[in-house]
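First the structure, in the form of structure tokens, and then the observations on it.
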Amino acid sequence: MALPRPRWRDPVFWSMTLRLATPVAIQNLLVSSFALVDTLMVGQLGDVPLSAIGMSTQWSWFLMICQFGFCSGATLFYAQYWGVKDVRGIHRVFGIAMSLVTVLSLAFTAISVGAPEWAISLFNRTPAVVEQGVAYLKIAGWSYLPQMAVSMIGALLRSTGRVKLPMVTACLTTGVNILLDYAMIFGKWGFPAMGIAGAAWATTIAAWLGLVFQVAVSVFQKNILIGPLREFFAFDRAMLRDYFNKANPVVLNEVAWGLGTVVLNLIYSNLGYEYYAAVTIVRTFENLAFALLIGLCSACAIMVGNSVGAGDIEQGVNQARRFAVAEPLMAGVLGWILIAAREPMLYLFNTGGALSELTHKSAIYILIIYCIHMLVRNIPYITIVGIYRAGGDTFTGVKYDMGCLWFLSIPVTFLSAYVFKLPFPVVYALMLIAEDYLKTWLCIRHFRSWKWLMPVTEEGRTALTAWKEKFNIP
């Protein structure tokens, strides 16, 4: 028996999608604006500070990637447990994930504060760039713990349908960050002009304020974050084993992908700091566009996970099929919007004429290349992060991401840059093509096999067996 086609005119589905995706998209837009504001304001100081802040934030970005692995592993359990309203199970998973992320954050903070030169030199050894990067990193390192905690709490709240508090927290921290950036970078309102160090102080103060606010409101609301402390640490060996069985592949996936991206950034940065400054500018706009796509992917993970966990496999599959089409289409539209608005957007970074002509032209070329590629790039994203993981399949993404990045994209980028010495925009385009085209085909094939359905609840496992028998699926 063939699977029935999902109905696209489903008011309940789209209403739920908008309710979940919109606050997440707004939150991620605001979080992304942290980097945008820093980059815009520091860009007025010139190419060297801009390149330095780009390399400094790559260090914190790698921490975010590691954290995202632990968080994604936990979100799978949150969504499926919430489908059967297992609050105690959710608390125990949060306790495991939060403990791991706290240790990770403290380790990154220790390196950032104690050995910032080493962290910056991973990306570039130009003395002027290292000096500016160290000035930023040794202060911004103190923001890692609150940023990771806010992210982990936000994931827990969103997975259980409370999407407004993370959004409001992002509004508060972004507003504070913008005001403090302006005051501390340029010396306004009685503050000394601290340049790139002022941007670091603004980020750190805003991050701690966001954590205090989020916890205080949670205590007042008595939301799912609040419960007996012993319940968060009541996990036993069996639960740890279940968590790591699902989370370890995700963590490995994100860490390997993050390391691969770091290697690509090393290739870019050693071609010249002007090129890395261009990548920093484009990545800022990439993050803003991606924030909207994260909202849709987050709604997908929650809705598919809830359905699969509750045992409504048919509904979960139909939801996944809709999202698998909607996300790439939205990415394509956003890409063309960014292309149309490229000149005024890039002008924001060069209002004082501090950027070089090479940086400006390179940013235009690679922005166009990335935007054209956005539709293809987001097919693996929605399937691996939004669908497979929600269904319980956390291993497939490891194979596809690691294989295509480490065995195709990185060698192709290295050879095109250092052996064939191709122009930088061509190097950037080949990197995207090598990473995404084969992976897209593999992701579509695996999606249509339905082997990503691996429930973690008893209700889900029982329903999956019946669903496969109904549609004669092996």
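The values are calculated or read from the model by the stated rules, or taken from the named source; none is laboratory data. Owing to the predicted nature of the structure, the values given are computational and were not obtained by experimental measurement. So basically every Cβ, Gly included, is an ideal-geometry build from the backbone, and we count neighbours across all protein chains shown. To get the accessible areas, we keep the full protein, side chains included, count just its heavy atoms, and leave off ligands, DNA and RNA. Shrake-Rupley method; radii C 1.70, N 1.55, O 1.52, S 1.80 Å.
Figure the gain on full extension for Thr22 and Phe420 (residue separation times 0.36 nm, minus the Cα-Cα span) and round it to one decimal in nm.
Separation in residues times 0.36 nm, less the Cα-Cα distance, equals 138.8 nm.
Only four residue types carry charge here, +1 at the Cβ of Lys and Arg and -1 at the Cβ of Asp and Glu. Report the dipole size of the chain about the Cα centre in Debye, rounded to the nearest 20. Intermediate results must be reported in sequence, preceding the final value.
Details: 34 positive and 25 negative charges, 239 e Å.
I would put it at about 1140 debye.
Rounded to the nearest 0.05, what FRET efficiency do Ile339 and Ser449 give with R0 = 45 Å and r taken as the Cβ-Cβ distance? Could you check? Write down the numbers at each step before the final one.
On the way: r = 35 Å, r/R0 = 0.78.
Here the calculated transfer efficiency is 0.80.
Restricting to DSSP H runs of at least four residues, report the calculated mean residue ellipticity at 222 nm for the chain, -39500 (n - 2.57) per run over all residues, nearest 500 deg cm²/dmol. Write out the running numbers ahead of the final one.
Numbers: 18 runs with 370 residues, N = 474.
Rounded to the nearest 500, it is -27000 deg cm²/dmol.
In Å, what Rg and Dmax follow from the Cα atoms of the chain?
22.1, 73
Give, as a single signed number, the net charge of other residues whose beta carbon lies under 12 Å from the beta carbon of Phe13, with Lys and Arg counted +1 and Asp and Glu -1.
After counting each charged neighbour, the total is +4.
Give the total of Lys-Lys pairs in the range 421-474 with Cα-Cα distances below 30 Å; include a pair only if its members are 8 or more places apart or on different chains.
The result is 5.
May I have the convex hull volume per residue, in Å³, for the Cα set of the range 136-176?
In the range 136-176, the Cα convex hull volume per residue is 57 Å³.
Scan the chain and note any complete DSSP helix (H) whose C-alpha atoms cover at least 20 Å along its axis and whose Kyte-Doolittle average is -0.5 or more. Please report the intermediate quantities before stating the final value.
Working: long enough: 11-43 (45 Å, 1.18); 47-83 (50 Å, 0.62); 87-114 (40 Å, 1.49); 144-159 (23 Å, 0.91); 164-186 (33 Å, 1.26); 196-221 (38 Å, 1.53); 237-269 (45 Å, 0.40); 273-310 (52 Å, 1.16); 313-340 (41 Å, 0.75); 357-381 (35 Å, 0.80); 424-449 (39 Å, 0.63).
Span-like helices, by this rule, are 11-43, 47-83, 87-114, 144-159, 164-186, 196-221, 237-269, 273-310, 313-340, 357-381, 424-449.
At a Förster distance of 35 Å, what's the computed FRET efficiency of Arg9 paired with Glu458, Cβ-Cβ distance as r, to 0.05? Spell out each step's value before the answer.
Numbers: r = 34 Å, r/R0 = 0.97.
Working from the Cβ atoms, E equals 0.55.
What nm value, rounded to one decimal, do you get for the distance between Thr102 and Arg125 when each label is placed 7 Å out toward the C-beta?
Roughly 4.0 nm, to one decimal.
Applying 1/(1 + (r/R0)^6) with R0 = 41 Å to the Cβ-Cβ distance of Val87 and Lys468, what FRET efficiency is obtained, to the nearest 0.05?
Calculated value: 0.85.
Along the positive direction of the dipole of the chain (beta-carbon charges: Lys, Arg +1; Asp, Glu -1; about the Cα centre), which of Ile120, Met167, Pro192 reaches farthest?
Sorting the options by dipole projection puts first Met167.
How much accessible area per residue does the chain have, in Å², with a 1.4 Å probe?
Values: 19360 Å² over 474 residues.
Per residue, the chain has an accessible area of 41 Å².
Students often check this: by mean Cβ neighbours within 10 Å, which of 376-385, 324-333 ranks highest, and how do the rest follow?
Peptide ranking by packing, descending: 376-385, 324-333.
Which of the lysines could a cross-linker span from Lys164 if the Cα-Cα distance has to be under 19 Å and same-chain partners fewer than 8 positions apart are dropped?
By straight Cα distance, Lys164 reaches Lys222.
Can you pull the percent of the chain's accessible area that's carbon plus sulfur, 1.4 Å probe, other chains left in place?
68 percent
Cα centroids of the range 146-215 and the range 69-87: how far apart, whole angstrom?
26 Å
Check Gly392: other-chain or 5+ apart residues with amide H under 5 Å from its amide H, H built from backbone geometry?
Hits under the 5 Å cutoff: Met454.
Once the piece of chain linking Val217 and Ala115 is laid out straight, how much longer is it, given 0.36 nm per residue of separation minus the C-alpha distance between them?
Net length gain for the segment: 33.1 nm.
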